[in-house]
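Each value in this text was obtained by applying a stated rule to the coordinates, not by laboratory testing. What you see is a predicted model; the values in this text were computed from it and never measured. With ideal geometry, Cβ positions are generated from the backbone for all residues, glycine too; neighbour counts draw on all protein chains shown.
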Amino acid sequence: MNDNHNRNHNRDSRPLFEVRGVSYSYGGRVLALDNVSLNIWPGERVAILGSNGSGKSTLLKLLDGLYFPSQGEVCAFGRPLSEATFEDEGFAFDFRRRVSLIFQDADVQLFSPTVWDEVAFAPLQLGLARDEVTARTQAALSALDITRLRERTPYQLSGGEKRKVAIASALSLGPEVWLMDEPTTSLDPRSQSWLVDFIIQEGEVGHTVVTATQDLSIVPDIADRVLVFSEDHRLVAEGTPSAILADRDLLLRCNLIHEHRHRHPGLEHTHLHAHSGDHAHE
C-alpha cells in the first residue's frame, strides 16, 4: 500500500464512505447485495472485483446516492445517504459537485446535441458565470485532448471518444471522488491505456477513485486496495492488489478467472484465464 494511502489514514480519522450491513434488492425480489460492510477512505484508490451480477454496479450507485439500501446504511462525508438527506438542497448540491459516477455505458450519460454542450451542462447547473463555465469547459476538453470534437454529436463518436466526453463532463465540475463502472469495457488498447493513466493521475493529486472492474490486468496500476464480491452478492475478501491477484482459489471461486482446457497430440492440459483483458498462459 502506497505512502499516500497511509498519509490519508493518518490525516483523516473518518472514512469518506461508510457502508454498514447493506443489502439491496431490485423490486424487493432480486438480490443484488447481501449484508455488505466496508469503508472507503479519502484519497484512496479502490478496485471492486466481481463477476457479472455480483453487485459491483449496484454498490457504486448506492455510493452515488442513486439507490438507497433495502437494509443497512450508507454514509458519505459523515452523513447518511437517504431520500431525506438529499431533500437538503445544500447537501445535494455539494454532494453532486464532489462525487461523479462514470457509467459502464457512456451512452447512458450523453444527451446533449454537441460535445461542448455536454461538457458545459454540469457547470451551468452550478449557476456559475458564463465566463467561468466557458473556462471550465475548455479546460476539461483540453485535459482529455478532445477539443477537436467540440462541435460533434456525441452519439456519432467512437466508444473511446464517448468515454472521454463522459469523463470531461464530470471533470468540468472538479470532483473529489470518481466512481467508475467497468471503465475499460469496449475500449481499444490505446484508450484503455489512457484511462489507466487518468486514474493514476487522479490518485496522484489526492482524489478518491473507486473502480468496479473484471479486468484484472489493470488492477495493480489503478488500486491501493481491492474488494472482492462473490456471485452470491457478498463481500468475501479485501487486500492489496498483489495479495488478491495471487489468490487463484479466490479468483476461481468468484468466477474472475477460469481454467481453459487445451488439447494437443498426445497431451491435454489447462491454463488459467482472466475473464477480460489479455489471456495469459500459466
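Worth a mention:
- In plain terms, the chain from S193 to A84 could stretch by 35.2 nm, reckoned as 0.36 nm per residue minus the Cα-Cα distance.
- Helix 89-98 and the longest principal axis of the C-alpha atoms of the chain enclose an angle of approximately 60°.
- Stretchable slack from T114 to E132, in nm (0.36 nm times residue separation minus alpha-carbon distance): 4.6 nm
- Total charge dipole magnitude, the chain, about the Cα centre, Cβ charges on Lys, Arg, Asp, Glu only, Debye to nearest 20: 120
- Taking θ as phi - 60° and the Karplus parameters 6.51, -1.76 and 1.60, the scalar couplings of the range 187-194 work out to 8, 6, x, 5, 5, 4, 4, 4 Hz in sequence order, x denoting glycine and proline.
- Contour minus Cα-Cα distance for S37 and H258 (0.36 nm per residue): 76.8 nm
- Only helices enter the 222 nm calculation for the chain: every DSSP H run of n ≥ 4 contributes -39,500 (n - 2.57), and dividing by all residues gives -10000 deg cm²/dmol, rounded to 500.
- Amide hydrogen neighbours beyond the local backbone of A237, cut-off 5 Å, H modeled: V228
- Computed 3J(HN,Hα) for the range 64-72, one whole-Hz value per residue from the Karplus formula 6.51 cos²θ - 1.76 cosθ + 1.60 where θ = phi - 60°, is 8, x, 7, 10, 10, x, 6, 9, x, glycine and proline marked x.
- Rounded to the nearest Hz, the phi-derived 3J(HN,Hα) couplings of the range 26-39 under the Karplus curve 6.51 cos²θ - 1.76 cosθ + 1.60 (θ = phi - 60°) are 7, x, x, 10, 9, 6, 10, 9, 10, 6, 9, 10, 6, 10, where x marks glycine and proline.
- Amide H within-cut-off set for V209, under 5 Å, with H built and near neighbours excluded: E44, R45, V46, W178
- For the chain, the longest principal axis of the alpha carbon atoms and the long axis of helix 159-171 meet at an angle near 50°.
- The amide H of R152, built 1.01 Å from its N in the peptide plane, has V115, W116 as neighbours under 5 Å, considering only residues 5 or more places off or on other chains.
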